[in-house]
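The values are calculated or read from the model by the stated rules, or taken from the named source; none is laboratory data. Computed from a prediction, not measured in an experiment: that's the story for all the values here. When we count neighbours, we look across all protein chains shown, and the Cβ atoms used for this are built from the backbone with ideal geometry, even at glycine.
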Amino acid sequence: MLVVRPVNFADLAGLERLAVISGGSMTTLPANRDHIGELINRTQQSLRKSVEMPGEESYHFVLTDTDTGEILGVSGIDATVGITTPFYSYRIDEVIHASSELQIHNKVPALHLCQDYTGAARLCTLFLDQQARTAENLQLISRARMMFIARQPQRFASRIITELQGLQMKTISPLSGKAWAGTSSAWILPRQIT
């Protein structure tokens with residue numbers, strides 16, 4: 001049977017394994033024992049804390065196979081972001097270059113650094129082991145976070161954001177150039193979602 005539950009210190013080795021197999025693609029789950037230990041510690045402290053207003057609390061959950069004891073996935077929630085340290089994101093805007101004399105009117109998509117989401121809750125650290133990557137398991141571990149928020153809304157900001165992880169490129173694309181090597185293709189070719 002599969003169970004979603006809060007992380008504890010017995011999960012350290014399983015989380016390290018997930019961090020390694022993620023290949024370094026997750027900034028919120030680096031293959032670093034100290035970081036993972038702090039992630040577990042913050043979750044345990046946040047769960048013990050009586051919360052009336054959201055702050056710097058962080059909650060992480062694991063998807064566990066109760067038959068084998070194996071950790072198959074991890075997901076997390078930050079109660080707020082940007083309160084004690086800046087939380088930067090990028091906004092895609094259009095910049096217009098126009099000249100009536102030259103008869104030019106171009107709309108150019110551009111990324112702008114912003115702090116639009118300061119104070120929002122954040123869904124983060126969603127990762128499943130390859131052997132467990134099914135739509136059902138993804139929905140289970142992802143929706144469990146939403147159920148936790150619904151049961152304890154005082155712990156979280158009313159505005160919730162999520163970061164969507166892009167694909168990392170293994171090689172330098174002629175289109176992207178060296179400056180963009182290893183970054184998400186979404187940064188190189190921004191598209192609107194309709």
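Below are the figures for this structure:
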item	result
Checklist (1) part of a loop (DSSP other than H, G, I, E, B); (2) surrounded by 10 or more Cβ atoms within 10 Å (Cβ to Cβ); (3) under 20 Å from the mean Cα position of the chain (by Cα); (4) at pLDDT below 90 applied to residue 157, failing item	(4)
Residues satisfying the stated conditions in segment 92-130, i.e. assigned to a strand (DSSP E or B) and closer than 30 Å to residue 148 by Cβ	114, 121, 122, 123, 124, 125, 126, 127, 128
Looking only at segment 124-144, and only at residues there that are hydrophobic (A, V, I, L, M, F, W, C) and closer than 21 Å to residue 156 by Cα, the one that is surrounded by the fewest Cβ atoms within 10 Å (Cβ to Cβ)	144
Sole exception among (1) farther than 30 Å from residue 110 by Cβ; (2) in contact with an Asp or Glu (Cβ under 8 Å, 6 or more places away or on another chain) for residue 89, by number	(1)
Selection within segment 53-91 - in a strand (DSSP E or B) and more than 19 Å from residue 30 (Cβ to Cβ)	63, 64, 65, 72, 89, 90, 91
Sole residue being exposed (fewer than 13 other Cβ atoms within 10 Å of the Cβ), of a type outside the set (S, T, N, Q) and under 16 Å from the mean Cα position of the chain (by Cα), chosen from 23, 69	23
